[in-house]
């Protein structure tokens, strides 16, 4: 579904990505972990063309998206949804209008059908009856759920999640993790989840990639990651700020 | 020393040319979109309300009081040489050709331009524009095109309204406070004011509207650095729009005076 080859990106003087190699199979959930500020979100934004790399290749559904214009990218973006870290809801619209936005933009005019579809995805994200609320009156977890509902309403074949559980309490985080898993099982969506929450990574991931110093340092199943005795991986898993190697 | 001088001179010049280039590219993208992509009528009508309908009070007050004070000042000078009744002609021509388009544009850039850059800028820093792009919606189609079209329609109409209220206010001041004979006032005004004066004012307003909307939208779309960035973008949008209106007005006056010459001919 997605292939990344030797992706490089510098922002200002800082080299964020230094040759990332990654593949995501259809229907798979890949979790990208790594330290804060390590370029995980930058990598995710590249996958949907929101950022352009300095060098490298990105293939989505067999098409190279590098060098595509914004208008050409719209075809790719119809297949790939994204949940932003902040939710990125349109603050002048209600929950219902936010979620219905992609349908309206796709040309759907039947209000009844649109509302039915909105209610259906609200049920999936467990927010039934919240249609009329404005984003400012929602909690962080609810915003992420609404953002997710908006991302999946057109049933994309792939969803990208940018820190879906950051800033949420453990119970809400768990419900988001379950939701990601449920979406994958129900709609067979390919998922790429960026997180530094190990519990979330193990819960939702079929495969985990550890991003370190702008490169993929490790790739494997959650079980393989736990067994890995590399000190850098161990430091991250155990949350040690001073390396055991020092 | 010399190299440093040229670097100091060149850097702002390059930045200015770069900025102009970005504005031209945004304009080209917008007009391409107008002709090749569907118009979002609901957003367009919302912008007509926001730009046109809700700016009316500001423009009416501006036009009215400018007409009133200009009539008074003109009368104070002209009456000394026995030409008090010519006040109407001077006021009408000046309002049509210069005052109404420029003052309306300045008021609209303060009210609408600021709001546009602040709204789009806030969307930019809160990832809402990235969300639009991610949802396969091109931000220029969704945010810029409705605003540009609404401004192109609203600005000339607001200016025409400003002209109308300026002339009405000047007439009222003339006959109530300045004791000018209303019939002479109107007769002189009609004799010296031509349709071309009105066309010139409205044409200028059309150009000013385009300048304001592109400068404001561009500032919004290029906003960075959170709340501080939004504040900066808003201020810059108003300042640059106002300067662009005042500077372009001179060149428009010189150019349009060839097409619509001033004076009785």
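When the helices of chain B are scored as -39500 (n - 2.57) per DSSP H run of n ≥ 4 and the total is divided over every residue, the value at 222 nm lands at -26500 deg cm²/dmol. Kindly identify chain B as rounded, prolate or oblate by the Cα gyration tensor criterion: order the square roots of the eigenvalues as a ≥ b ≥ c, call it rounded if a/c is under 1.5, otherwise compare a/b with b/c, prolate if a/b is larger, else oblate. Since a/c reaches 1.5 and a/b is larger than b/c, the shape of chain B is classed as prolate. Quick one: in the protein assembly as shown, what % of C-alpha pairs are over 30 Å apart? Of the Cα pairs, 59 percent sit more than 30 Å apart. The listed peptides B:134-140, A:124-130, ordered by packing as a protection proxy, come out as B:134-140, A:124-130 (highest mean of other Cβ atoms within 10 Å first).
For the range A:1-66, averaging the sequence separation of C-alpha pairs within contact (under 8 Å, six or more residues apart) and dividing by the residue count gives a relative contact order of 42 percent. Write down the percent of antiparallel bridges among all DSSP beta bridges whose residues are both part of the protein assembly as shown, to the nearest 5. Once the DSSP bridges in the protein assembly as shown are tallied, antiparallel ones form about 55 percent.
Rounded to the nearest 0.05, the FRET efficiency derived from the C-beta distance between residue B:56 and residue A:63 at R0 = 35 Å is 0.10. With Cα atoms defining each centre, the range B:97-175 and the range A:68-119 are spaced 27 Å apart in the structure. Using a Förster radius of 25 Å, what is the FRET efficiency between residue A:23 and residue A:175 based on their Cβ-Cβ separation? Nearest 0.05, please. My answer for the efficiency is 0.25. The mean number of partner chain beta-carbon atoms within 10 angstrom of a residue's beta-carbon across peptide B:124-132 is 6.
Counts of other chain beta carbons within 10 angstrom of each beta carbon in peptide A:81-88 average 4. Taking square-rooted eigenvalues a ≥ b ≥ c of the alpha carbon gyration tensor, is the range B:1-103 rounded, prolate or oblate, where a/c under 1.5 means rounded and, failing that, a/b exceeding b/c means prolate? Note, shape of the range B:1-103 comes out oblate.
Taken along the Cα-to-beta-carbon direction at a fixed 7 Å, the label points for residue B:232 and residue B:39 span 3.6 nm. Extension gain, residue B:191-residue B:28: 0.36 nm per intervening residue step, less the Cα-Cα distance, totals 54.4 nm. Sorting A:172, B:61, A:118 from the fewest to the most surrounding beta carbons within 10 angstrom yields B:61, A:172, A:118. Note on residue A:133/residue B:253: beta-carbon distance plugged into 1/(1 + (r/R0)^6) with R0 of 56 Å gives a FRET efficiency of 0.60.
Structural descriptor for chain B: relative contact order 31 percent, calculated from alpha carbon pairs under 8 angstrom and at least 6 residues apart. Place a point 7 Å from Cα of residue A:185 in the direction of its Cβ. Which residues in the range A:28-55 have their backbone N less than 20 Å from it? Answer for the range A:28-55: A:28-31. The label point for residue B:83 and the one for residue B:4, both projected 7 Å from the Cα toward the Cβ, are 5.6 nm apart.
Distance from the C-alpha centroid of the range A:153-201 to that of the range B:14-92: 51 Å, rounded to the whole angstrom. Taken residue by residue and averaged, Cβ atoms of other chains lying within 10 Å of the Cβ of A:119-132 number 0. Ordered by the count of other Cβ atoms within 10 Å of each Cβ, fewest first, A:169, A:229, A:206 give A:229, A:169, A:206. Mean separation of Cα pairs under 8 Å and 6+ residues apart, divided by the residue count of chain A: what relative contact order is that in percent? Across chain A, relative contact order equals 27 percent.
By the beta-carbon count within 10 Å of each Cβ, the least crowded to most crowded order of A:40, A:79, B:80, fewest first, is B:80, A:79, A:40. Taking a ≥ b ≥ c as the square roots of the Cα gyration tensor eigenvalues, the range B:1-54 comes out oblate, since a/c reaches at least 1.5 and a/b does not exceed b/c.
A short reminder: the numbers here are calculations on the coordinates, not readings from a lab. What you see is a predicted model; the values in this text were computed from it and never measured. Using ideal geometry, Cβ is built from the backbone for each residue, glycine included, and neighbour counts are taken over all protein chains shown.
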